[in-house]
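After the structure tokens below, expect a handful of questions from me.
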Amino acid sequence: MDVLSLIGLILAFVAIVGGNFLEGGHVGALLNGPAGLIVLGGTLAAALLQSPLSSFKRALQILRWIFFPPRVDLAGGIDRVVNWSLVARKEGLLGLEGVADAEPDPYARKGLQLLVDGAEPESIRSILEVDFLTQESRDIQAAKVFESMGGYAPTIGIIGAVMGLIHVMGNLADPSQLGNGIAVAFVATIYGVASANLILLPIANKLKAIVMRQSRYREMLLEGLLSIAEGENPRSIELKLQGFME
């Protein structure tokens with residue numbers, strides 16, 4: 001579990017609620033159903049209108065990465081590639097057939113199978129680059145769904161504020177209606193700005209960072225597989241791939 005995400009989310013709520021309390025307010029003042037409906041519903045509607053169905057579905061699938069990111073072990077991956085190169089050096093490329101059959105990672109398994117089939121390095125590069133670039137683009141587009149929501153939320157909050165003020169102006173003769181209208185106006189703005197800057201935009205940026213780390217791992221595998229295809233020394237391969245380490 002990504003502890004930093006959990007800590008960040010908790011601190012965000014503590015900062016808002018705690019700051020409100022220190023200023024003499026109470027939690028109930030921040031709870032407003034109409035404001036929440038306007039901001040959350042409007043933001044979601046704008047994101048649905050903008051996003052293709054595939055990107056929106058993928059965004060929901062990778063949302064869990066915020067707390068449970070996929071494991072990307074660059075050091076372990078380098079060790080695996082070096083072991084593959086040792087097998088290829090001793091037994092030839094056909095010796096990697098058993099390794100390919102037992103490989104759990106589909107991307108690495110495809111690359112190993114290409115080696116076993118005797119594909120040329122340029123062919124291996126073109127096939128595997130399409131794979132990892134397509135996956136990277138797909139996941140980046142999914143992360144941008146949350147980025148777009150972070151862009152719309154403050155504006156929707158302002159719409160909620162204006163709607164609340166319209167309600168206030170239409171009930172100036174009835175003081176009992178003023179409080180609720182003003183509350184919707186200000187709380188909607190808080191919901192919009194806070195959800196964008198404390199939740200949605202950070203989620204989008206974190207997902208992008210995870211996607212780029214996965215792409216770096218796949219690029220490392222690609223370079224390693226190409227080096228094996230070209231018959232490079234295992235030690236040279238290891239030194240080259242260490243450049244991908246953070």
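Can I78 be described as in contact with a helix residue (DSSP H, G or I) (Cβ under 8 Å, 6 or more places away or on another chain), surrounded by 16 or more Cβ atoms within 10 Å (Cβ to Cβ), in the same structural domain as L225 (by TED's automatic domain parsing) and under 20 Å from V193 (Cα atoms)?
In short, no.
Residue under question is K240, and the condition is that it be out of contact with any Pro (no Cβ under 9 Å at 6 or more places or on another chain), in contact (Cβ under 8 Å) with a residue 12 or more places away in the chain and charged (D, E, K, R); does it hold?
yes
Going through L165, L178, L133, L94 one at a time, which residue ends up being assigned to a helix (DSSP H, G or I) and modelled with pLDDT of 90 or more?
Going through L165, L178, L133, L94 in turn, the sole match is L133.
List pairs: first residue in segment 95-113 and closer than 15 Å to V81 by Cβ, second residue buried (at least 18 other Cβ atoms within 10 Å of the Cβ) and not aliphatic (A, V, I, L, M) anywhere in the structure, Cβ distance under 8 angstrom, at least six positions apart or on different chains.
Partner pairs satisfying both residue conditions: L96/W84; V99/W84; Y107/F132; Y107/R218; R109/E103; L112/W84; L112/E103.
For segment 29-72, what are the residues that are over 18 Å from M1 (Cβ atoms), of a type outside the set (A, V, I, L, M, F, W, C) and assigned to a loop (DSSP other than H, G, I, E, B)?
Once the filter is applied, which keeps residues that are over 18 Å from M1 (Cβ atoms), of a type outside the set (A, V, I, L, M, F, W, C) and assigned to a loop (DSSP other than H, G, I, E, B), segment 29-72 yields N32, S51, P52.
I would also like to ask the following. For A75, indicate whether it is of a type in the set (A, V, I, L, M) and either closer than 27 Å to L9 by Cβ or free of Cβ contacts under 8 Å to residues at least 60 places away in the same chain (or both).
So A75 fails the test.
If a residue has to be closer than 20 Å to Y107 by Cβ, of a type outside the set (S, T, N, Q) and part of a helix (DSSP H, G or I) to count, how many in segment 224-237 make the cut?
6
Of the residues in segment 228-246, how many are within 24 Å of R71 (Cβ to Cβ) and polar (S, T, N, Q)?
Summing the residues that are within 24 Å of R71 (Cβ to Cβ) and polar (S, T, N, Q) in segment 228-246 gives 1.
Residue by residue, here is whether (1) crowded, with 17+ Cβ neighbours inside 10 Å; (2) more than 22 Å from G150 (Cα to Cα); (3) among the hydrophobic types (A, V, I, L, M, F, W, C); (4) not assigned by TED's automatic domain parsing to the domain that holds F186 holds:
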| site | (1), (2), (3), (4) |
| --- | --- |
| L4 | no, no, yes, yes |
| A12 | no, no, yes, yes |
| A15 | no, no, yes, yes |
| L22 | no, yes, yes, yes |
| H26 | no, yes, no, yes |
| P52 | no, no, no, no |
| I66 | yes, no, yes, no |
| D73 | no, yes, no, no |
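The values are calculated or read from the model by the stated rules, or taken from the named source; none is laboratory data. Note that this is a predicted model, so its numbers are computed, not measured. Virtual Cβ from ideal backbone geometry, glycine too; neighbours counted across all protein chains shown.
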